[in-house]
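In what follows, a single structure is set out as structure tokens and then discussed.
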Amino acid sequence: MRRRLFDSGGQTAIETAFLLPMLIVLLGGVFELGRLMYIYNTLEKSMKSGVQYLQRTQGVDFCNPSDPAFTDAANFIVYGNLQGTGDAVLAGLTPSMIFFYGERGDPNTSLIVTCPCAGTGSCDTQNGGTPPDYIVANLGAGYQLDMTFPMGVFGLVNLPVSVRLPFLGA
């Protein structure tokens, strides 16, 4: 009889019942964090591929947002091809979300600044300007990722991806 009063066989089941929901929430959070990192990496790699396309393209007009090279690069980022056909790399990603611009090192301040499209130091190659030192692609407002899983809601997470690479073209 005394042995039965101090038997702890049910204590393990009760502790497990208390800890199991917390472990499930923790596992769900780890899964969502992994998904966030995968999507960010996918965005960054595709943005880098689009900028690499622009790096090697001749005659890009950096002061004309509707230049065909920018359209091709945006299609390459979103669809993985220049024609803009097929499924997007990520759901909800569109070419209109992607912005390109040139940057140049300022010799006076040693800072990297956006290239002007008029005046001294212009990147307007169509009107006698010089090409930029760098090409930048970014998602403007970012990519909205819904971080929801069955046991909780993190809400929308904004992924502001931006890639800067040296310009290699002429």
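Under the criterion of Cα pairs below 8 Å and six or more residues apart, the relative contact order for the chain equals 22 percent. Between the beta carbons of Leu156 and Asn81, assuming R0 = 22 Å, the FRET efficiency works out to 0.15 to the nearest 0.05.
Calculated FRET efficiency, Thr120 to Leu26, Cβ-Cβ distance, R0 = 45 Å: about 0.20 to the nearest 0.05. Normalised size of region 72-170, defined as Cα radius of gyration per 2.2 N^0.38 Å with N residues, equals 1.39. Entry note, the chain: the mean residue ellipticity at 222 nm calculated from DSSP H runs of n ≥ 4, each adding -39500 (n - 2.57), is -13000 deg cm²/dmol after division by the residues and rounding to the nearest 500. Output the 0 to 90 degree angle, nearest 10, between the alpha-carbon long axis of helix 68-79 and the longest principal axis computed from the alpha carbons of the chain. Roughly 10 degrees, rounded to the nearest 10. The local environment of Val51, defined by Cβ-Cβ distances under 14 Å, has a net charge of 0 under the rule Lys, Arg +1 and Asp, Glu -1. Between Gln144 and Thr71, the FRET efficiency estimated from the beta carbon spacing at R0 = 22 angstrom works out to 0.40. Calculated accessible area for region 80-170 comes out at 57 Å² per residue, all protein chains present (probe 1.4 Å; ligands, DNA, RNA ignored). Averaging over all projection directions, the Cα-based convex hull of region 66-109 occupies 4.2 nm² in the image plane.
The slack in the chain from Lys45 to Ala13, taken as 0.36 nm per residue of separation less the alpha-carbon distance, amounts to 6.8 nm. Solvent-accessible area of region 24-170 (1.4 angstrom probe, protein heavy atoms only): carbon and sulfur portion equals 59 percent. Taking the longest Cα principal axis of the chain as reference, the axis of helix 9-55 is set at about 10 degrees.
The values are calculated or read from the model by the stated rules, or taken from the named source; none is laboratory data. Just so it is clear, the structure is predicted and the values come from calculations on it, not from any experiment. With ideal geometry, Cβ positions are generated from the backbone for all residues, glycine too; neighbour counts draw on all protein chains shown. For the accessible areas, the whole protein counts, side chains as well, though only heavy atoms, and no ligand, DNA or RNA atoms are used. Shrake-Rupley method; radii C 1.70, N 1.55, O 1.52, S 1.80 Å.
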